[in-house]
1. If you check Asp198, Asp172, which single one turns out to be in a helix (DSSP H, G or I), closer than 21 Å to Glu16 by Cβ and among the acidic types (Asp, Glu)?
2. Just give me the residues in region 292-339 being out of contact with any strand residue (DSSP E or B) (no Cβ under 8 Å at 6 or more places or on another chain), in contact (Cβ under 8 Å) with a residue 40 or more places away in the chain and not aliphatic (A, V, I, L, M), in sequence order.
3. Going by what's in this entry, would Leu362 be described as under 30 Å from Ser2 (Cβ atoms) and in contact with a helix residue (DSSP H, G or I) (Cβ under 8 Å, 6 or more places away or on another chain)?
4. Six or more apart or on different chains, Cβ atoms under 8 Å: show the pairs whose first residue is in region 1-29 and within 12 Å of Leu184 (Cα to Cα) and among the aromatic types (Phe, Trp, Tyr) and whose second is open to solvent by 20 Å² or more (accessible area, probe 1.4 Å) and assigned to a helix (DSSP H, G or I).
5. Sort out which residues of region 340-378 are surrounded by 13 or more Cβ atoms within 10 Å (Cβ to Cβ), without any contact (Cβ under 8 Å) to a residue 24 or more places away in the chain and over 27 Å from Glu57 (Cα atoms), and write them in order of number.
6. Going through Val224, Val201 one at a time, which residue ends up being under 30 Å from Lys88 (Cβ atoms) and either in contact with a helix residue (DSSP H, G or I) (Cβ under 7 Å, 6 or more places away or on another chain) or surrounded by fewer than 16 Cβ atoms within 10 Å (Cβ to Cβ) (or both)?
7. State all residues of region 87-101 that are surrounded by fewer than 24 Cβ atoms within 10 Å (Cβ to Cβ), hydrophobic (A, V, I, L, M, F, W, C) and not in a loop (DSSP other than H, G, I, E, B); if no residue qualifies, say none.
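The values are calculated or read from the model by the stated rules, or taken from the named source; none is laboratory data. Owing to the predicted nature of the structure, the values given are computational and were not obtained by experimental measurement. All Cβ positions, glycine included, derive from the backbone under ideal geometry; neighbour counts span all protein chains shown. Remember, those area values only see protein heavy atoms, side chains included, never the ligands or the DNA or RNA. Shrake-Rupley method; radii C 1.70, N 1.55, O 1.52, S 1.80 Å.
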Amino acid sequence: MSVRLPLQGFRIISAEQYGAGPYGTLFLAQMGADVIKIEPPKGGDTARGVGPHFLREGESLYFQTFNLNKRSLTLDLATDQGQEVLHKLAKNAHAVANNLRGDVPAKVGLTYDALKETNPAIVCAHASAYGRDNARAKWPGYDYLMQAEAGFCALTGEPDGPPARMGLSMVDFMTGTQMAVGLLAALLDAQRTGVGCDVDVDLMSSAVHQLTYPALWYMNENDVTERTPRSAHPSATPSQMFKAADGWMFVMAQIPKFWPILCERIGHPELIADDRFASPKARLANRAKLTDILDSIFGQQPMAHWQALLEGLVPVAPVYELDQALDNPWLDTIGMKQNVSHPDRPEIKVLSSPIRIDGERLPSRAAPLLGADSTAILQELGYDLDVIADMRQAGVI
């Protein structure tokens, strides 16, 4: 059964690098869009050189993460001929995406103002560090900086430890996803009206937006959310990590109905009527004591014992190491892994798209070698092989 691809027939030009932009356009490519990835002729996307694991020199497994299903066109946008190619591409494209520094898109002709005469309906999506229209537009910026300035680090870790960042570059991935959402919304409007636009997201705004309810608590009530022991929820209890006999687990009696079920399932119904824990407010006030009591109970058996008692009834999960998380047989059950074929390795294991269409995971193919599609794309635009050879000789591609 072939998967229906909702973006088949749409073309997205992407001048992207590293993580944020490529992560967003990955979703578009896997949903069927023809994502043409423009890369500098010398070296390409810097992600190709990110170690420690390589398929060949300059072709990393890191790059495979974000660039499945795309085509690679090497092109120097700083040259006149490079701009000519860009405009020929833009004429029949539906959108342009980039995650360049805020002041760069205007310099290399990737804005709606630069492309609207070529294609009035084109959508130009920008994912920068701090935005394109303010005093920080020229600042370089990365995920970890946003986690620091937006308060994520201060909210992460144990109360008596130093601030900590998340283990992954989640601000990059949030921003790339938001760029894709904005691009698709603008694309829908352009299909109706024939008029495109610029769509902007930035790492800093995306990070601050993720502060969500703690932000509103502070802005309206001057309530500063702080770190809690065991990564506990700021108000719901018990909703935190507990230590089983063989490791950590996360138990989330997040809403009141789960508390009596938890007590019954772990064999301690007497806790239900205990005045110290009889209401959400009481449990929060006595969180430390409740933690001690539940630790003493959970510590008597391994995690698998408690999961068998609670799963499907009370939200519970093991706290896995990375290898355990990826070896979890549940991922195979739901089809979250795929194999793709690459010129340097017949089978590369990749993560499947989290999006399913009519119940089916989206198909994947390996990320392209640098410039692998340059000749084919330029021929599609009407360039003959002699001209393409001259462009390559001149360093345009």
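1. Result of the check over Asp198, Asp172: Asp172.
2. Gln300
3. So Leu362 fits the description; yes.
4. Close Cβ pairs (under 8 Å, with a partner that is open to solvent by 20 Å² or more (accessible area, probe 1.4 Å) and assigned to a helix (DSSP H, G or I)) amount to Phe27/Thr177.
5. Arg356
6. Details: Val224 fails: under 30 Å from Lys88 (Cβ atoms).
Just a single option satisfies the conditions, and that option is Val201.
7. Leu89, Ala90
Listed here are the residues, each with its yes/no results for (1) of a type in the set (Phe, Trp, Tyr); (2) at pLDDT 95 or above; (3) touching a strand residue (DSSP E or B) at 6+ places or on another chain (Cβ under 7 Å); (4) in a loop (DSSP other than H, G, I, E, B).
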residue	(1), (2), (3), (4)
Ala185	no, yes, no, no
Gln191	no, yes, no, no
Tyr213	yes, yes, no, no
Trp217	yes, yes, no, no
Val251	no, yes, yes, no
Trp259	yes, yes, no, no
Gly267	no, yes, no, yes
